[in-house]
Amino acid sequence: MSDFHPNPDALRPESRIVHPPLAESVGSRPMGIPLHQSHLFAFDTSDELVRAFAGPGEAFFYNRFGNPTVRSLETAVADLERGAAAVATASGMGAINTVLLALLRSGDHVVAQRSLYGGTFAMLADLARRWGVEVTHVAGDDPGEVEAALRPNTRLLHLETVSNPTTRVTDLPGLIGVAKRAGVVSVVDNTFATPLLCRPIEHGADVVIHSATKYLGGHSDVLAGIAVFADAELHRKVWQFATELGASADPFAAWLTLRGLQTLALRVRRHCDTALDLATRLAAHPAVSAVHYPGLPTHPDHDLARGLLPAGHGGVLAFDLSGGREAARTFTESVRLASLAPSLGGVHTLVLHPASTSHRQLSDDELAAAGIGAGTVRVSVGIEHPEDLWADVEQALAKL
Ligand code: PLP
């Protein structure tokens, strides 16, 4: 049915103005991504509307349950991650919380990596404190430690492909293998790696999460998240809960993410190449005592990364300045092409001092255990020309 009344001349201006004729492309198709910025969809018959309520594969009727632009994003990322289906959300934390709350209940036990994104770590602590979910933290490199942590009530293993900020690479096949044998659902936050560098479902993961705010969107203009499911049944369970929680992605956010996604392969290639170049140059600089980047042969997970991230090691690196906190402050305030800002994964290079910002809640012992020193600086490498970037980094290092 046309959106316009069959006899517009019979309507008064007040009615005509809220039922405008909407142009559709006839005989051609748009090359840009259509944006369905409508939270509501109308039906010709009540039977069709009733059928729409049956599940995620039916007609769209209300955005909390689905929207064509949001579904396009879900299909695209599920395809990239080799999953069955996805649920797009308003943020990365929205995706993480939707999955945790959909799959856990009081009395359940979770095994989670120690070096998680701060928001995830805080959410797990909150689940333990207020909702009776037990949490055991483990390192990311020892399947035996996961095995030993399992209990009869363990329901979920939560991992991140690459840790923040020291870029330790998680032994996904080893850790997920332990969970699989015990019938425990494994969830992997793959934000740092992107589906172009690592596809956790190929290593046995049940759920893959992205903060689409980062590489998938890629341009620092959108907040969004997505959870991809290996299995359609698990997807349906979480989708059902997501409709109750109300964490759905807005169509415009999905549209921006889809638009960013079209250049993901080019951007990731560039991020990886420039990050390796920068890491190599930093490692040779006298003011730098250590560089953390899995692409360097000196990185403790270099061999693991060669198998898990064969196409490149990502765009995030960290380095330690011998001058400690003061040197880190001077450096982060002296860069001119790079910007002092949190977040990562966008086209602009960003620098950050984790000990005083993203990881400030950690005690000195916890910081030391995570390999984060007073002089550690994180860099999210953008897509600027590598020579311009090095010139900027070099002039900021010269201020120390
Ligand atoms: N997961 C990782 C690895 C992150 O780095 C972040 C944010 O920095 C998140 C999840 C949360 O994503 P969002 O900020 O989109 O909620």
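For the subset of segment 335-386 comprising residues that are among the charged types (D, E, K, R) and within 16 Å of the ligand (Cβ to nearest atom), which member is most open to solvent (accessible area, probe 1.4 Å)? Here the residue is Arg360.
Go through segment 94-135 and give me each residue that's open to solvent by 50 Å² or more (accessible area, probe 1.4 Å) and touching a His at 6+ places or on another chain (Cβ under 7 Å).
Hits for segment 94-135 are Arg114, Glu134.
Residue check: is Ala182 surrounded by fewer than 24 Cβ atoms within 10 Å (Cβ to Cβ), in contact (Cβ under 8 Å) with a residue 24 or more places away in the chain and away from the ligand (no atom under 12 Å from the Cβ)? So Ala182 fits the description; yes.
Within the set Arg105, Arg64, the sole residue that is under 30 Å from Lys237 (Cβ atoms) and touching a Ser or Thr at 6+ places or on another chain (Cβ under 6 Å) turns out to be Arg64. Of the listed requirements (1) under 27 Å from Pro354 (Cβ atoms); (2) within 15 Å of the ligand (Cβ to nearest atom), His137 misses just one: (2). Please work out if Leu49 is open to solvent by less than 80 Å² (accessible area, probe 1.4 Å), more than 17 Å from Ala85 (Cβ to Cβ) and not in a loop (DSSP other than H, G, I, E, B). In short, yes. Give segment 246-268 a look and list any residue that's within 16 Å of the ligand (Cβ to nearest atom) and more than 17 Å from the chain's Cα centre (by Cα), or say none. Matches in segment 246-268: Gly246, Phe252. Residue pairs whose Cβ atoms lie under 6 Å apart, sitting 6 or more positions apart in sequence or on different chains, and linking a residue in segment 72-92 that is under 14 Å from Glu202 (Cα atoms) and in contact (Cβ under 8 Å) with a residue 40 or more places away in the chain to a partner that is open to solvent by 10 Å² or more (accessible area, probe 1.4 Å) and in a strand (DSSP E or B), are Ala78/Ala85.
Any residue at all in segment 291-308 that is in contact with a Pro (Cβ under 6 Å, 6 or more places away or on another chain), acidic (Asp, Glu) and touching a residue at least 40 places away in the same chain (Cβ under 8 Å)? Yes, segment 291-308 has at least one match.
Checking each residue in segment 281-301 for being touching a strand residue (DSSP E or B) at 6+ places or on another chain (Cβ under 8 Å) and open to solvent by 70 Å² or more (accessible area, probe 1.4 Å) picks out Ser289, Thr298. I'm trying to understand the selection: among the residues of segment 223-245, which are within 14 Å of the ligand (Cβ to nearest atom) and either surrounded by fewer than 23 Cβ atoms within 10 Å (Cβ to Cβ) or at pLDDT below 95 (or both)? Once the filter is applied, which keeps residues that are within 14 Å of the ligand (Cβ to nearest atom) and either surrounded by fewer than 23 Cβ atoms within 10 Å (Cβ to Cβ) or at pLDDT below 95 (or both), segment 223-245 yields only Leu223.
Condition check ((1) in a strand (DSSP E or B); (2) touching a residue at least 40 places away in the same chain (Cβ under 8 Å); (3) more than 12 Å from the ligand (Cβ to nearest atom); (4) open to solvent by 20 Å² or more (accessible area, probe 1.4 Å)) across all residues:
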position	(1), (2), (3), (4)
Val146	no, no, yes, no
Gly177	no, no, yes, no
Phe192	no, yes, no, yes
Glu202	no, yes, yes, yes
Val208	yes, yes, no, no
Thr213	no, yes, no, yes
Gly217	no, yes, no, no
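Among the residues of segment 19-35, those identified as more than 37 Å from the chain's Cα centre (by Cα) and surrounded by 10 or more Cβ atoms within 10 Å (Cβ to Cβ) are His19, Pro20, Pro21.
The values are calculated or read from the model by the stated rules, or taken from the named source; none is laboratory data. Predicted model, so just to flag it, every value in this text is computed and none were measured. When we count neighbours, we look across all protein chains shown, and the Cβ atoms used for this are built from the backbone with ideal geometry, even at glycine. Side chains included, ligands, DNA and RNA excluded: accessible areas come from the protein's heavy atoms. Shrake-Rupley method; radii C 1.70, N 1.55, O 1.52, S 1.80 Å.
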